1. Inside segment 16-31, can you point out the residues that are open to solvent by less than 50 Å² (accessible area, probe 1.4 Å) and touching a residue at least 60 places away in the same chain (Cβ under 8 Å)?
2. Can you tell me which residues in segment 52-92 are assigned to a loop (DSSP other than H, G, I, E, B) and either surrounded by 15 or more Cβ atoms within 10 Å (Cβ to Cβ) or of a type outside the set (D, E, K, R) (or both)?
3. Can you name the residue in segment 99-113 that is surrounded by 12 or more Cβ atoms within 10 Å (Cβ to Cβ) and in contact with a helix residue (DSSP H, G or I) (Cβ under 8 Å, 6 or more places away or on another chain) and is also nearest to THR50 (Cα to Cα) among such residues?
4. Do you know which of the residues in segment 36-45 that are in contact (Cβ under 8 Å) with a residue 24 or more places away in the chain and among the charged types (D, E, K, R) is most open to solvent (accessible area, probe 1.4 Å)?
5. So THR57 fits all but one of (1) within 14 Å of ARG100 (Cβ to Cβ); (2) without any contact (Cβ under 8 Å) to a residue 40 or more places away in the chain; what number is the exception?
6. Anything in segment 31-45 that is more than 11 Å from the chain's Cα centre (by Cα) and charged (D, E, K, R)? List them, or say none.
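The values are calculated or read from the model by the stated rules, or taken from the named source; none is laboratory data. Please read these numbers as outputs of a predicted model, since none were measured by experiment. In this analysis, Cβ positions are derived from the backbone assuming ideal geometry, glycine residues included, and neighbour counts consider all displayed protein chains. Heavy atoms of the whole protein, side chains included, go into the accessibility calculation; ligands, DNA and RNA do not. Shrake-Rupley method; radii C 1.70, N 1.55, O 1.52, S 1.80 Å.
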Amino acid sequence: QVRLEQAGGGSVQPGGSLSVSCAVSGTVLSASIMGWYRQTAGDEREWIATIMESGRTDFTDSVKGRFSISRDNAKNTMYLQMNDLKPEDTAIYYCKDFTRNTWGRGTQVTVSS
């Protein structure tokens, strides 16, 4: 059974940085297409980033140049590094294993002065 365990996130002022991690069990991270979504109350879940098995990454336009996605295959863990955060980045962030259609439970990120 594939499980995605999220950690990190929290609260930060505008312009600050946060990271979120997604530890994968039950499968090999490097053999999966993985990604991140976010969701605010009343809105649909929004795709923000993907990392392919090859390591190629892709981002939605609103986070390009500010967010990065990476993985540590030895730790079977994926990361989302978020820099220059804005209030509109406030959301619950979810990791997803696209290959096995499995979601993490979500992590709150709040950007506020």
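1. GLY16, LEU18, VAL20, CYS22, VAL24, THR27
2. Matches in segment 52-92: MET52, SER54, GLY55, THR60, GLY65, ARG66, ASN73, ALA74, ASN76, ASN83, LEU85, THR90.
3. Our first condition is that a residue be surrounded by 12 or more Cβ atoms within 10 Å (Cβ to Cβ); within segment 99-113, this holds for 99-100, 102-104, 106-111.
Narrowing further to those that are in contact with a helix residue (DSSP H, G or I) (Cβ under 8 Å, 6 or more places away or on another chain): 99, 109, 111.
Working: THR99: 12, VAL109: 19, VAL111: 22 Å.
Step by step, filter segment 99-113, then rank; the result is THR99.
4. Among residues in segment 36-45 that are in contact (Cβ under 8 Å) with a residue 24 or more places away in the chain and among the charged types (D, E, K, R), the one most open to solvent (accessible area, probe 1.4 Å) is ARG45.
5. Failed condition: (1).
6. Within segment 31-45, the subset more than 11 Å from the chain's Cα centre (by Cα) is 31-33, 39-45.
Within segment 31-45, ASP43, GLU44, ARG45 meet the criteria.
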